[in-house]
1. Work out how much length A:PHE158 to A:GLN85 would gain on full extension: take 0.36 nm times their residue separation and subtract the Cα-Cα distance, in nm to one decimal.
2. When a/c is below 1.5 the answer is rounded, else prolate if a/b is larger than b/c, else oblate, so apply that to chain B with a ≥ b ≥ c taken from the square roots of the Cα gyration tensor eigenvalues.
3. Compute the long axis of helix A:244-254 from its Cα atoms, compare it with the longest principal axis of the Cα atoms of chain A, and write down the angle in degrees, 0 to 90, nearest 10.
4. Using only Cα atoms, find the angle between the long axis of helix A:123-132 and the longest principal axis of chain A, and express it within 0 to 90 degrees, rounded to the nearest 10.
5. Of the residues A:LEU270, A:LEU24, A:LEU68, which exhibits the maximal mean-square fluctuation in a Gaussian network model of chain A defined by a 10 Å Cα contact cut-off?
6. Where is the GNM fluctuation largest for chain B (alpha-carbon springs, 10 angstrom cutoff): B:GLY217, B:GLY143, B:GLY98?
7. If you put +1 on each Lys and Arg Cβ and -1 on each Asp and Glu Cβ, how big is the dipole of chain A around its Cα centre, in Debye rounded to 20?
8. Give the whole-number value, in cubic angstrom per residue, of the convex hull volume spanned by the C-alpha atoms of the protein assembly as shown.
Amino acid sequence: MAARTRRRFSIGRTTAWIYLIGVLFVTVFPFYWILRTALSNNYALLANPSSLLPVGFTWGPFRRVLGLASAEESLAEGGSGASLQLGHYLVNSVVYATLTTALIVFFSLIAAYAFSRLQWRGREFMFGLFLTALMVPGILTLLPNFVLVKELGLLNTFAGMILPYALFSAFNIFFLRQFMLGLPTEIEEAAMLDGAGRLRVLFRITLPMTSGPTITLSILGFISMWNDYFWPLLVTSDESVQPLTLALAVFKQSSPQAQPDWAGLMAATLVAALPMLVLFMIFGRRIVNSIGFSGIK
Amino acid sequence: MALTEATVPGASEAVARRRKATRRPPNANSPAHRGDARLAWILIAPALIGFLVFAVYPTLRGVYLSFTDFKVLTPPVWVGLANYIELLQDDVFWASLGVTVYFVVLSVALCMVISVLTAAALHRLTSSTVVRGLVILPFLISGVVAATIWSWMLDTQLGIVNVVIQWLGGDGVLFLTSRGWAIPSIALISVWKQMGYTAIIIFAGLQTIPPSIYEAGRIDGASELQMFFRLTLPLLRPILALVLVLNVIGAFQVFDIVQVATKGGPANASNVLQMYIYSKAFGQFDFGYASAMSLALFAILIVITFLQMRLLRASESETN
């Protein structure tokens, strides 16, 4: 069957393959180009912009953006002479993305438990109320939230960055509640007959059984927090708490118009994207599946 | 955030359906559920606080601020409709809205076409997760990173794209520094970043179509192209409507790519709404006016979401 189909539609299939390979090339090539540029000497790039291999191979650009290069060394390779301490922003990004993701997933889990397992007056009403939040886009709450965080004196603190995204997510609660409603309750009921309390059941039985969607939501949440730019831009001006995305944007904007340090910029880009690429290596299949899943739900 | 918006239309309907099916008899007084209410309120307390403080309150406050003159450092002063009247007469706002709509149409149309073709090709040709993983790679990086990469690749003198164009005999293109090319270039960057995500969602939709339909089509002598237009596209309509609105809502709020790639220039040629709102609020500290613009943008998004729901419902009645 398959062989016959292949023969009959060979022209169509060939065209489709050429198209797909074209798409894959455009998708993946920029990633190679980052690496190639980041390992080049910025002066040498001027002379040879089209070489497929690094021009004047050097680790210099990485040394520059990690603050390991001296000003002379940096200038000699076409850097701006200013050094960037990406390592420190990397830590900020890890703190911001990890804490926010961990908190929001945990708070969503316990709320989903209340909405799927407990019997209480007002349950359906509260759930419906929470879901209305799905209708409100970020643009409407960003400015007032900035004013609020400012009034609370939390500008330039991790608390100010994290709090608005750490407590409540209508999507997470909805997603987890749906999953919990689909889980069989026999084990939980048996445990309760044996005298286990609600909280014990929640933490020892329900949460472990929900690990699949929990991991999915954690990955998706981590990706979006890691890449977040607008909110940190509003509430942080102090580099002690700024995440990588901000540092990279500032580095890009402050590089000299006449002759930007492209090699350094690409090295910084790679450092900023690296954790996502590592995550992708480990969880690639799960990421692909969970994105498909999130659309169908 | 994209995910939250992704589920707006589908979610609420699914909930309504599911809720009816799973509503249990109210046996709150049975021994097994004694004490449930207290525990429930404790468990939802963090979410409830977050909901009230960071969603409800700022929404209401945003509406209030849009009727005030508010410069952050001094308390807001009620000015009635003044901000909205100013908005109607603000040429920069209208120009900015025009630029945004141009960007939305261009980027979403391109993204949808390429995504559907890619999803269909993936579906027919390969079940490899690696290939799908590669397609989705750009979604994992931030808009800032994407804009930085492409600023380099589209650079006038040294960018590889212009080098190739000149090698092919063409003239160099001022991708990010000319008025005509700024928005198309930003749309290109945005499509590059967003396409894989959209394609994977559509791909997941394709997998729900039973293969027997295609076999029936083949027996009837339909060609691959005919089956694509007569079977695949109509059956995909609900999911296409979903990703369409998802992309439109996202595109209307484009910011980071623009800020890094062009800063809204040259000469406001890529000054999209979110850029203008940001510069009003944080460049000129005119929070009242910025809030009014946010609300206007919100109104636009509501209308689009509403149209999307109509689209969804129309397709449901057709297939069921």
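Throughout, read-outs are computed from the coordinates displayed, never taken from laboratory work. Please read all numbers here as calculations on a predicted model, not as lab measurements. Glycine gets a Cβ as well: all are built from the backbone with ideal geometry, and neighbour counts include every protein chain shown.
1. Between A:PHE158 and A:GLN85, full extension yields an extra 24.4 nm.
2. In terms of gyration-tensor shape, oblate.
3. 30
4. Once rounded, the angle reads 20 degrees.
5. Evaluated over chain A, the most mobile residue of the options is A:LEU24.
6. Answer for the Gaussian network model of chain B: B:GLY217.
7. My answer is approximately 1400 debye.
8. Working: hull volume 111.7 nm³, N = 617.
About 181 Å³ per residue, rounded to a whole number.
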